[in-house]
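Below is one structure, written out as structure tokens, with a few remarks after it.
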Amino acid sequence: MNRSAGMSSDPGFVKPVIVRAGDISYEALIGAGLLQRVGHETARVLRGPRCAVIADANTAGLYGEPVMHSLKEAGFAPTLVSVPPGEGAKTLEQLGRVCDAMSEARLDRTSFVVALGGGVIGDLAGFAAAVFHRGVPHVQVPTTLLAQVDSSIGGKTAVNTAAGKNLLGAVHQPALVVSDVDVLRTLPPRELRQGFAEIIKHAVIADPALLDVVATPAAIDFAAVVRRNVEIKAAVVARDDRDLLGQRAVLNFGHTIGHGIERAGDYRRFLHGEAISLGILGACEVSVRRAGFTEAERRKVFDAISGCGLPTRLPADVSSDAITAALAADKKFERGEIRFVVTPRLGAAHLTDAVTMDDLSAAIAKLR
Ligand code: ADP
Ligand code: ZN
């Protein structure tokens with residue numbers, strides 16, 4: 001179906017955000033009531049007919065039925081494959097299970113995958129799509145705020161191994177992204193909150209007006225906020241889709257210290273967005289010291305994070321040494337050169353090598 005002309009009369013029409021990555025581009029649809037349209041929208045870009053809906057036990061129970069129904073109505077033959085909820089599902093073992101279930105359901109290279117869940121499912125199902133029969137298309141249907149504003153866009157997929165997080169993966173862009181903001185209503189509050197960390201990251205690196213939007217979380221228009229965040233991420237991905245030029249690195253703002261904190265907390269203590277909130281504050285402090293970011297701007301970011309109910313202080317029992325040790329274990333730091341993303345002012349960010357380990361230690365100390 002051609003949606004370019006006269007389609008505004010379609011009551012379900014939502015203006016897509018176009019994501020460009022290298023030679024390919026795809027639509028991200030954002031709005032309410034979209035779960036019921038997944039089949040119809042997918043039929044515009046993929047043929048199938050066989051497909052696998054990969055979900056975790058929670059998202060399968062909540063949203064498996066409407067998505068399966070919508071796909072069947074559009075003429076597809078879907079099979080629901082469910083994995084246990086949580087980061088623990090991002091393993092080679094689960095990847096094998098998912099791919100076996102797909103083979104059993106007689107999916108082949110003409111088939112496709114639908115990822116129905118948060119970042120964990122997006123990564124696992126996206127990676128399954130990247131390797132099944134040497135690569136089949138996938139549709140991302142992100143169900144967490146974090147996945148809608150960040151991880152469903154840009155094509156990064158991965159599983160964890162004993163040696164590290166996201167160690168095996170592929171860049172495999174989806175054929176379509178469908179973000180139904182209605183599903184955010186069932187998200188546990190802590191899961192919803194952590195999504196605001198990536199929104200605040202996008203605010204700092206690209207659009208300070210978003211800081212005012214998150215200042216009143218209860219009044220948020222999620223469709224508008226998710227759309228703006230997808231536009232921001234898409235603009236960065238378009239400049240550097242394979243993460244080769246260092247441009248995509250700006251999306252790592254707050255993530256160097258943030259990853260150190262996640263690791264120091266054994267990946268159990270903090271949700272990703274919680275660790276990133278502290279990482280963003282640390283990066284703002286480094287930026288005050290090294291990039292001309294003002295104390296008033298840092299305060300504004302602090303207030304946004306705190307206003308969203310995200311952490312602004314490191315718990316006493318998480319030692320600074322554990323965090324700096326985790327940073328030092330990072331390959332980027334081994335060679336003695338620290339490549340760190342700073343913000344010179346709200347709405348801008350760039351990589352620099354002017355940051356020292358002492359700057360990082362001082363910034364971490366300020367999180368107490
Ligand atoms: P992310 O990496 O995006 O934070 P996960 O995939 O780890 O998300 O999901 C976090 C948790 O929230 C999981 O237990 C998952 O089953 C659950 N979940 C995901 N989406 C929803 C939703 N819309 N409603 C309720 N629970 C959800
Ligand atoms: Zn992140």
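Derivation of every value follows stated rules applied to the coordinates shown; laboratory data play no part. Everything quoted here is computed from the prediction, not taken from an experiment. With ideal geometry, Cβ positions are generated from the backbone for all residues, glycine too; neighbour counts draw on all protein chains shown.
Here are a few things to note about the model shown:
- Calculated mean residue ellipticity at 222 nm for the chain: -12500 deg cm²/dmol, from DSSP H runs with n ≥ 4 weighted as -39500 (n - 2.57), summed, divided by the residue count and rounded to 500.
- Percent of Cα pairs exceeding the 29 Å cut-off, where the set is the chain: 40 percent
- A219-F13 FRET efficiency (beta carbon distance; Förster radius 25 Å; 0.05 resolution): 0.45
- Cα centroid separation - segment 25-86 against segment 209-286, whole Å: 27 Å
- Sorting M357, M68 by the number of Cβ atoms found within 10 Å of their own Cβ, with the fewest placed first, yields M357, M68.
- For segment 36-137, the Cβ-based charge dipole about the Cα centre amounts to some 400 debye (Lys, Arg positive; Asp, Glu negative; other atoms uncharged).
- Magnitude of the charge dipole for segment 244-297, about its Cα centre and with charges confined to Cβ atoms of Lys, Arg (+1) and Asp, Glu (-1), is about 200 debye.
- Ordering L251, L116 from the fewest to the most neighbouring beta carbons within 10 Å gives L251, L116.
- Crossing angle, helix 272-290 versus the chain [Cα axis fit, 0-90 degrees, rounded to tens]: 40 degrees
- Where labels lie 7 Å past Cα in the beta-carbon direction, separation of R47 and S25 in nm: 2.4 nm
- Taking the DSSP beta bridges with both ends in the chain, the antiparallel portion is around 35 percent.
- For the chain, the relative contact order is 15 percent, taking Cα pairs closer than 8 Å that sit 6 or more residues apart in sequence and dividing their mean separation by the residue count.
- On Cα atoms only, tilt of 189-206 relative to the major axis of the chain in degrees: 70 degrees
- Considering only segment 1-159, percent of DSSP beta bridges that pair antiparallel, nearest 5: 25 percent
- The Rg/Rh ratio of segment 152-227, with Rg taken over Cα atoms and Rh as the Kirkwood radius over Cα pairs, comes to 1.03.
- The chain: most fluctuating residue of G117, G31, G96 per GNM, C-alpha cutoff 10 Å: G96
- Residues K72 and R339, FRET efficiency given R0 of 45 Å [Cβ-Cβ distance, rounded to 0.05]: 0.40
- Segment 54-128: C-alpha gyration tensor shape, a/c 1.5 cut-off, then a/b vs b/c: oblate
- Three-way shape label, segment 61-196, alpha-carbon gyration tensor, a/c 1.5: oblate
- Axis of helix 295-307 versus longest Cα principal axis of the chain: the two differ by about 50°, to the nearest ten degrees.
- Segment 1-158, relative contact order [Cα under 8 Å, separation at least 6], %: 20 percent
- Fewest-first ranking of H350, H272, using other Cβ atoms within 10 Å as the exposure measure: H350, H272
- Gyration tensor (alpha-carbon) shape descriptor, segment 252-354, a/c threshold 1.5: oblate
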